[in-house]
Amino acid sequence: EVDNLTLRRFLRARGHDVGKASAMLLKFVAWRREAVPGGVGAVMPAELVRAEPSRELASMGGVDRAGRPVLLAFPAKHFSANRDMAGFKRYVVYLFDAMCARIPRGQEKFLCVVDLKGWGYANCDVRAYIAAIEILQSYYPERLGKALMIHVPYLFMKAWKVVQPFIDANTRDKFVFVDDKSLEETLRREMEDGQLPEMYGGKMPIVPLE
């Protein structure tokens, strides 16, 4: 049900320990059969997430300098009071499926820009963050190349301290908190001007995730 590239990703995620990688893969296959209609070879259908309140949580960007597709996430558009956990998890799977489908041959990862501008108490949803990270690290191993955390308010760091213990070391190292003063320099180091989103001073219009 899985190809050799997928097998290698699971092996890398468990330090090439065959026993641990096998257990992780079997857990993935069982989860996928239950979570996604059609199982391992299918993707989460768009019609199952169209009604989700968090539909505008993410958009598509261009590609970074390594050729990895860019995902733009806006947690300030997520409101914990409106969140249904089962629906939120379906949306997260849909989101990661869409990103993985955009990854070109010869590349295996994507870049994520998490823009926390405007984030406040109403957006704080630690349970949802933990659920999303658990899906990422357990079922999409070696897919996240880097997550740039930008416009980070002080309040968010309190929530992050609660989330951190649930993130494995390999995944945790991929989250990079970017100071506002070095934001433009950091983004331009990752993306060429033609691929940098217009909202950050580049020429790439963002595309709603469909």
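Can you name the residue in region 92-120 that is part of a strand (DSSP E or B) and out of contact with any helix residue (DSSP H, G or I) (no Cβ under 7 Å at 6 or more places or on another chain) and, of all such residues, is nearest to Val70 (Cα to Cα)? Per the criteria, the residue is Cys112.
A single member of Lys161, Lys146 is open to solvent by 20 Å² or more (accessible area, probe 1.4 Å), at pLDDT 95 or above and under 22 Å from Ala98 (Cα atoms), and it is Lys146.
Within region 7-40, how many residues turn out to be within 20 Å of the chain's Cα centre (by Cα) and of a type in the set (Gly, Ala, Ser)? Total satisfying the criteria: 2.
The values are calculated or read from the model by the stated rules, or taken from the named source; none is laboratory data. Quick caveat: nothing in here was measured; it's all calculated off a predicted structure. Counting neighbours? That spans all protein chains shown, and the Cβs are built from the backbone with ideal geometry, glycine included. Accessible surface is based on the protein model in full, side chains and every heavy atom, while ligands, DNA and RNA are left aside. Shrake-Rupley method; radii C 1.70, N 1.55, O 1.52, S 1.80 Å.
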